[in-house]
Each structure stands twice: as C-alpha cells, then as structure tokens.
Amino acid sequence: MNITTIRRPSIWFGLLLTATIACGAFALRQLPGIGVLSPLILSILIGMAIHNSVGTPSIARPGVTFSLKRLLRLGIILLGLQLTVSQVIAVGWTGLGIIVVTLSSTFLFTKWLGHRLGLPRQLTELIAAGTSICGASAIIATNTVTRARDEHVAYAVACVTVFGSLSMVCLPLLGGALDMGPKAYGLWTGASIHEVAQVVAASFQQGDEAGQFGTVAKLTRVMMLAPMVLLLGALAARRGDRSGGGAPIPWFVFGFIAMVGVASTGLLPEALTPWTNGLTQFLLAMALAAMGLETDLRKLAAEGLRPALLGAASWIFISGVGLGLILLTGAGAP
C-alpha cells in the first residue's frame with residue numbers, strides 16, 4: 001500500500017452516515033401519519049436537521065459526495081426496473097396522451113412563470129421537473145444536468161412535499177364531488193400528483209381499481225423522466241454550460257432505459273421485485289440524505305417566498321389541466 005492510498009480520504013464514514021439516515025427514514029415511515037411521506041423526503045429532512053444543528057463531519061464529506069453522485073445515478077438506473085412497456089399500453093393511447101400533454105404543458109408553464117418571477121433558471125427547472133414528472137426522484141435526476149445549488153434542490157423537494165401532500169387531501173374530495181369513475185379518478189391522480197407514494201395514498205382512497213390504475217398511470221409518467229433529462233442535458237450543452245468541466249451528458253439515463261427494457265421482457269423473477277424496488281429506494285434515500293447533509297437552511301430561507309409561489313401555481317396548473325383533459329376526452333369512463 002503506497003502513501004497516496006493511506007492519505008486518501010475514506011468514503012466509508014460518509015457512506016455509513018447516509019445509510020444510517022436512510023435506515024432511519026424507512027423506520028420513521030412506520031409511525032402513524034408519517035407513512036404518506038416517501039423515504040426520500042424523510043432522508044433529506046433528517047440530513048438537513050443534522051447539518052443545521054451539529055454540522056456535517058468533515059471526515060464524512062467524501063462518502064457524502066459519493067452518495068450524492070454515484071449512488072444517485074445507480075438508484076435512477078435501477079428505477080427503470082419498476083417500469084414496463086405493458087404498463088404504458090394498459091393506460092391506453094388517450095390516457096398516455098393526457099399524461100404527456102399535462103406533463104409537458106406543466107413544465108413549460110413553470111419555466112415561463114419562473115422566468116417572470118425572476119427566479120434562477122436552475123431552481124425553476126427543478127420545481128418544474130418535480131411537479132411535472134415524479135417529485136424528489138425527478139428533482140435529483142434533473143439536477144445532474146441542471147447543477148443547481150443544494151439549497152435549490154432542498155427548496156424544490158419542499159415544494160413537491162407540501163403541494164403533493166395537499167393533493168392527497170384535495171383530490172379525493174374533488175373526485176367524489178365530481179362523481180368520477182375509478183379509472184378516471186385514478187388517471188387524474190397518476191397524471192397530476194407529485195410523488196409515487198402520494199399517488200398511491202390518494203388513489204386507493206377511491207377503491208382498489210382506482211388505486212391500481214392511478215399507480216400504473218403514475219409509473220407511466222415516471223417513464224418520461226428519461227427523455228426529459230436527456231432534453232435538458234442537450235439544452236445545457238447547447239448553452240455551453242461547462243460549470244462541471246464539460247457539457248453535461250446524462251449517460252445514466254441510458255441505463256435507466258435499458259432497465260425498462262429488461263423489466264419489459266418479463267425475464268426478471270417476480271420474487272426479486274421487492275428486493276430491487278427496496279434497493280432502488282434505499283440508494284435514492286442515501287442520495288437525498290447526502291443532499292440534506294449539504295443544505296444550509298439560512299441559504300434556503302434567503303430564497304424567499306417566490307419559489308413557493310411558483311410551486312403552488314405549478315401544482316394548481318397540473319391538477320387543473322389533468323382534470324380538464326380527462327373531463328374533455330372522457331378518458332377512464334366506464
């Protein structure tokens with residue numbers, strides 16, 4: 001062993017710290033009233049609490065950085081195993097069209113409004129991705145090409161947490177008042193609510209059929225993560241964004257697409273599904289824990305209320321457009 005190896009900072013302490021936080025997040029979900037929050041959201045909250053109370057130990061920083069960059073990409077690649085082409089087919093062409101139009105229009109609206117509010121492009125793109133695609137997972141995936149500050153990522157995660165939680169209360173009430181059928185209601189939740197866990201919580205309130213269709217619709221929406229990140233990476237390259245030493249190329253997205261292909265073959269044993277899903281969630285939770293361990297609440301507060309206003313407007317927009325398109329097309333009708 002040479003002297004360079006001896007002096008090289010170890011990543012193991014930081015990995016142990018982020019893994020411990022992720023374990024704590026999964027454990028907290030067992031408490032009443034907390035299960036509606038995903039381990040990803042709980043992990044960043046715990047990490048932020050540690051960083052802003054006692055501070056992140058300097059010895060942990062190499063492992064924290066490794067979790068934030070390498071484990072994040074691996075988690076997103078494995079996320080592809082949860083999606084199949086048959087799920088897209090099950091949603092139907094009309095349902096798929098509603099999801100695509102709702103997602104793309106929400107992203108463009110959020111970008112436009114963020115510019116009008118004078119918000120940084122990076123923060124606006126993170127809120128747009130988190131709202132239009134799949135919450136915290138989309139935010140951290142998008143940040144691989146957006147390269148926003150950690151405080152911007154934390155603010156965007158806060159937005160999808162708050163407004164996605166409001167959707168879990170509002171959409172079941174509105175769906176009942178509108179007397180929506182189970183498939184129409186499930187499609188609405190899947191096309192408009194931010195996090196997968198939030199969709200599950202809201203859609204199953206109207207029964208198993210609504211819950212199952214809402215979950216499939218949401219996973220179909222998650223599939224849009226790959227083209228969105230590739231598009232943002234191409235735009236960053238076109239702008240000549242070389243803040244990280246070169247134009248960002250999200251190679252991991254091709255791994256995500258490959259895993260969708262693997263899952264679609266049906267060759268993956270069903271017995272492995274709980275294990276791969278659990279590993280995916282754990283890796284992403286470690287990445288969000290690392291994000292929290294680098295987030296300064298004072299810098300977060302300095303952003304003010306404008307990003308929250310953007311998150312609220314984006315939430316109202318995606319909910320309204322999704323509902324309008326479903327009522328207009330009659331999608332999901334018995």
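Below, the figures for the structure above:
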{"quantity": "For the chain, calculated [θ]222 nm from helices alone, where every DSSP H run of n ≥ 4 adds -39500 (n - 2.57)", "calculated": "-23500 deg cm²/dmol"}
{"quantity": "Rg/Rh ratio calculated on Cα atoms of region 8-113 (Kirkwood radius)", "calculated": "1.10"}
{"quantity": "Sulfur and carbon atoms: percent of accessible area, the chain [1.4 Å]", "calculated": "69"}
{"quantity": "Sequence-distant aspartates and glutamates (8 or more away, or on other chains) whose Cα lies within less than 19 Å of residue 299", "calculated": "125, 150, 151"}
{"quantity": "Principal-axis tilt of helix 208-222 within the chain, Cα atoms, nearest 10 degrees", "calculated": "50"}
{"quantity": "Dimensions in Å of the chain - Rg and Dmax from alpha carbons", "calculated": "19.6, 71"}
{"quantity": "Kirkwood-based shape ratio for region 131-252, expressed as Rg/Rh from alpha carbons", "calculated": "1.09"}
{"quantity": "Angle between the chain longest axis and helix 135-146 axis [Cα atoms, degrees, rounded to 10]", "calculated": "50"}
{"quantity": "Theoretical gain in end-to-end length, residue 277 to residue 27 [0.36 nm per residue, Cα-Cα removed]", "calculated": "88.3 nm"}
{"quantity": "Rg/Rg_ref, region 26-73, where Rg_ref = 2.2 N^0.38 Å and atoms are Cα", "calculated": "1.33"}
{"quantity": "Cα-based helix-to-principal-axis angle, 39-53 vs the chain, degrees rounded to 10", "calculated": "40"}
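The values are calculated or read from the model by the stated rules, or taken from the named source; none is laboratory data. Here the structure is a predicted model, which means the values were calculated and not measured. For accessibility, only protein heavy atoms count, side chains too; no ligands or nucleic acids. Shrake-Rupley method; radii C 1.70, N 1.55, O 1.52, S 1.80 Å.
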